[in-house]
Amino acid sequence: MQIDGRVIEPYTDAYIIAEIGSTHNGEFERAKKSIDAAAAAGADAVKFQLFRADEMYTDAVDQEVYDHVVKIEVPYDWIPELAAHAEEQDVTFLTTPFDTESVDELDPYVPAFKVGSSSLSHVEFMQHLAGTGKPILASTGAQDLDDVRDARDTLTTAGCSEFAFLHCVSAYPTPLEDINVRAVATLREEFGDPVGFSDHTLDPGTAPTAAVALGASIVEKHFTLDRSQDGPDHSHSLEPDEFETMVDAIRATERALGTGAVTITDIERDWYEDARRSVQATRDLSAGETITSDDVGVHRSVGKRRGVDAKQIDTVLGATLVEPVAEGDGITEDLIERDGELSD
């Protein structure tokens, strides 16, 4: 998968999304400041939510709820300016739309779409998103594996070939004991790569780094300038310094994960030479002697010549020395012969 020219695949730098959501509080300048702060904290992308109260609720909804949702709507005329501002800050502009009209308004300004968990089973909406031809990131909160399979089938049938499911628990905030990060591995096994993690815990390091260690290529975390403010997203969001701590922890985890190859590393070489056991002489030996088990032992070679590896001792026993060896020095292959021939 590629988003805005960025290749997203496992065990490379995770694609980190700052979910500004509705923490802009309906204030345009606050939305821009949030982009600035997220970029400074190390986010690769910033994401807003584009919803309309009229589309989300019927007339029977509680008026207080309706009025609050209207207050934090992102006006369509913000979109071009926010997208341009994100580009100036060198972060990708993403948005979660909640209705097809919003998808169409966003389409010219976003390189990919994010789907909120509550929309995963909305077949017509998912089909409309797939019709844009853009990559789709979809959270899996309050869905079981069959629900996610159904969403996959909807997307692929509608022609979407680039999508990633993000493990998510729809509890705000989510206690660590309920976050179930191993679900990331389940998603990888079921759907292949890439997969991701949309986190609602308040710990900036534990769950995101565990998800990356399990192969998450995308990490999304709610972001606010001030968690003490009123609003639906502030209480489970990270403030800028916490978000930066999360980014640093993820990047450190990625460095620690390495390549997975089991080999002798360059930084182990000195230790290997000094500490890994090899065949060393236990007394002064003369040229022409036939080596017995009383003449050699398996020891560390610190300060002395290293002999053949301990597992090769049988190649030394019974061989004839062609040069003298001092006590403590290693027996190397060029110092012995068998049946009159030097060892290889």
Next on the checklist: Contact list please: Cβ distance under 8 Å, first residue in region 231-255 and closer than 15 Å to V212 by Cα, second residue open to solvent by 30 Å² or more (accessible area, probe 1.4 Å) and assigned to a helix (DSSP H, G or I), pairs at least six apart or on different chains.
Outcome noted: T253/A213
Checklist entry - Looking at A83, A43, A18, which one is touching a residue at least 60 places away in the same chain (Cβ under 8 Å), farther than 19 Å from Q229 by Cβ and either small (G, A, S) or open to solvent by 10 Å² or more (accessible area, probe 1.4 Å) (or both)? => result A43
Next on the checklist: Need the failing condition index for D193 against (1) touching a strand residue (DSSP E or B) at 6+ places or on another chain (Cβ under 7 Å); (2) over 29 Å from S235 (Cβ atoms); (3) assigned to a loop (DSSP other than H, G, I, E, B), just the number.
Outcome noted: (1)
Checklist entry - Say we look at region 198-230 and pick out the residues that are surrounded by fewer than 22 Cβ atoms within 10 Å (Cβ to Cβ) and in contact (Cβ under 8 Å) with a residue 40 or more places away in the chain; which of these is nearest to Y172 (Cα to Cα)? => result Q229
Checklist entry - Somewhere in region 76-87, is a residue touching a helix residue (DSSP H, G or I) at 6+ places or on another chain (Cβ under 9 Å), among the charged types (D, E, K, R) and at pLDDT below 95? => result no
Checklist entry - For region 293-334, how many residues are open to solvent by less than 80 Å² (accessible area, probe 1.4 Å) and farther than 18 Å from R277 by Cα? => result 5
Checklist entry - Yes or no: T174 open to solvent by less than 60 Å² (accessible area, probe 1.4 Å), of a type in the set (S, T, N, Q) and in a loop (DSSP other than H, G, I, E, B)? => result yes
Checklist entry - How many residues, within region 246-281, are surrounded by 14 or more Cβ atoms within 10 Å (Cβ to Cβ) and of a type in the set (V, I, T)? => result 4
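The values are calculated or read from the model by the stated rules, or taken from the named source; none is laboratory data. For clarity, every value in this text was computed on a predicted model and none was experimentally measured. No Cβ is skipped: glycine too gets one built from the backbone with ideal geometry, and neighbour counts run over all protein chains shown. Surface areas here come from the heavy atoms of the whole protein model, side chains and all, with no ligands, DNA or RNA. Shrake-Rupley method; radii C 1.70, N 1.55, O 1.52, S 1.80 Å.
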